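What follows is one structure encoded as structure tokens, with my remarks underneath.
The values are calculated or read from the model by the stated rules, or taken from the named source; none is laboratory data. Not measured: the values here are computed from a predicted model. No Cβ is skipped: glycine too gets one built from the backbone with ideal geometry, and neighbour counts run over all protein chains shown.
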Amino acid sequence: MRVRHCTTTLLILLLAACAKQEAPTPPPFKVVTDHRQTMEWILDPAADLIWDSAGTIITAEGQQELHPTSDEGWDEVARNAAILAESGNLLMLPGRSAGRDWNEYASGLIEAGILALRAAEAQDSDALFDAGGRIYQVCLACHNQYLIEVDDTGEASDQATLSAQP
């Protein structure tokens, strides 16, 4: 009797394990901005602030260091580095992702943003300059493959579409 009870229990457990599992429902993402808006309103301003906060300008009058000189300035760079890194996630959302290569570039943007964030937290101007270069490389590589189509004036139109370059 005991063997039969163990066998029955084992059989029930095996059947339960083999039962078809329902896939979890994905989160209800709702993409609000198109590619152009995401770039112009979110990603570009963050990248521009990072680029404008790194390096040196040398003129006849002398040299100007661009890195922040206060904790508040470094905090602003850190906030924008976080925005830039999180923008990579935005680019991979369903409804916005353009495929595997696109996602690789977006992942590279996340990593470059993390480098900028770490540099800002450490208040390391050299590391911030290097992170800015990495951000530029990722953006350039993506823009060499993907293009936001523009109208006759050279501006991205409201109806701009993303297309891969051949």
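Answer yes or no as to whether W74 is over 20 Å from Q137 (Cα atoms), aromatic (F, W, Y) and in contact with a helix residue (DSSP H, G or I) (Cβ under 9 Å, 6 or more places away or on another chain). So W74 passes the test.
Does the range 128-136 contain at least one residue that is modelled with pLDDT of 95 or more and not in a helix (DSSP H, G or I)? Within the range 128-136 (the criterion being modelled with pLDDT of 95 or more and not in a helix (DSSP H, G or I)), the answer is no, since none of the residues qualifies.
Condition check ((1) touching a Cys at 6+ places or on another chain (Cβ under 7 Å); (2) under 18 Å from E40 (Cβ atoms); (3) modelled with pLDDT of 95 or more; (4) among the basic types (K, R)) across all residues:
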{"residue": "W74", "(1), (2), (3), (4)": "no, no, yes, no"}
{"residue": "A78", "(1), (2), (3), (4)": "no, no, yes, no"}
{"residue": "L91", "(1), (2), (3), (4)": "no, yes, yes, no"}
{"residue": "Y105", "(1), (2), (3), (4)": "yes, yes, yes, no"}
{"residue": "L109", "(1), (2), (3), (4)": "no, yes, yes, no"}
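When the residues of the range 31-48 are filtered to those that are in contact (Cβ under 8 Å) with a residue 40 or more places away in the chain and outside any helix (DSSP H, G or I), the one that is surrounded by the fewest Cβ atoms within 10 Å (Cβ to Cβ) is V31. All conditions in (1) closer than 24 Å to Q37 by Cβ; (2) free of Cβ contacts under 8 Å to residues at least 12 places away in the same chain hold for D101, with the sole exception of (2).
Reported count of residues in the range 49-59, each being modelled with pLDDT under 95, on the phi < 0 side of the Ramachandran plot and in a loop (DSSP other than H, G, I, E, B), is 1.
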